[in-house]
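For reference, the structure discussed in these notes is given below.
Derivation of every value follows stated rules applied to the coordinates shown; laboratory data play no part. Remember, it's a predicted structure, so these values are computed and weren't measured experimentally. Cβ placement follows ideal geometry from the backbone for every residue including glycine, while neighbour counts extend to all protein chains displayed.
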Amino acid sequence: MGKEHFEAVILPKLRLISDEAVNNMLIFIEGSVAYGFCDEKSDIDLDYYIDIDINEDIRQSIREIFTGETYWYQGVRVSYGFGGAYWKFDLLMKDEMDQFWNEFDPYVLNNIMRAIPVWDPKGILALSQKKVECYPDEIKKKIIRGLWVTINDSGEYNFCEALTRNNIIEGRIYQYRAIEAMLRLVYVLNNQYFYPTKWLSAGLVNVHKDFGLGDALEQIAASHCEEDHYKEFMKVHECMKQFMIQQHSIELECIDNYSMIFQKPFQIFSAF
């Protein structure tokens, strides 16, 4: 449906502005439709990239076509993005990979790898996907360390401490902060990029090993006892810990004692 809308409505308008830009353009579907998680409430999210230098007047005219109005197609809203630097396609096309990995956004990586091309005469998307198909080893370790810090500090320690003080609200904040990190870590340990938060649990069906997290989340959702939540959390924690030890995912001292992570590079990611 996104492809049909682009070819029927957007493409003819773009050709009136610049055939050269059109022939060097990537249009792709991202978000829930690309993930395979869309439902009757979902819209179709598309974005674009132009792989040549064009003057600002042409760029602005193209931008106005994509974002100047709200589009609907067969009763479904079709939303076009801003074609911005958020995607960092320029760095990928110029093969400036060191800078790309210094500036990367995990959501961008997930979206690029799961994107569906709508218009791509130069094969830009396939080339980009090949360049970012997995984290470089040291980047991956930084991410694992950061997630393990959050899982342990917010989950194993502060969630438990809040419960002993009967600080229920603070306990829940720590609990779900740790669960979010745990969900993200599942993907990383399965050599995948993690989804935005609202799709984290839905994507568990696509991983080979979820460390019992799917079952634990069902138990947590069905129970109103925070102590039971903590027990379920710690079961998954132990399963992840043993796996990381066996796979040498990060240093053993960091797995056993998360405070050791503060002596090494790690990454904490927080976004919308």
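Listed highest first by mean packing, meaning other Cβ atoms within 10 Å per residue, what order do 110-120, 176-186 come in?
Peptide ranking by packing, descending: 176-186, 110-120.
Please give the per residue volume of the convex hull enclosing the alpha carbon atoms of the chain, rounded to a whole number of Å³.
147 Å³
Over the range 91-244, with a single point scatterer placed on each C-alpha, what log10 of the ratio I(q)/I(0) does the Debye formula yield at q = 0.12 1/Å?
Listed by q, the Debye log ratios stand at -0.58.
Mind checking the angle between helix 213-222 and the chain's longest principal axis? C-alpha axes, 0 to 90 degrees, to the nearest 10.
80 degrees
At 10 °C and 1.306 mPa s, grab the translational diffusion coefficient of the range 2-131 from Stokes-Einstein with a Kirkwood Rh over Cα pairs, rounded to a whole number in µm² per second. Each step should come with its number before you reach the end.
Details: Rh = 15.2 Å.
D = 104 µm²/s.
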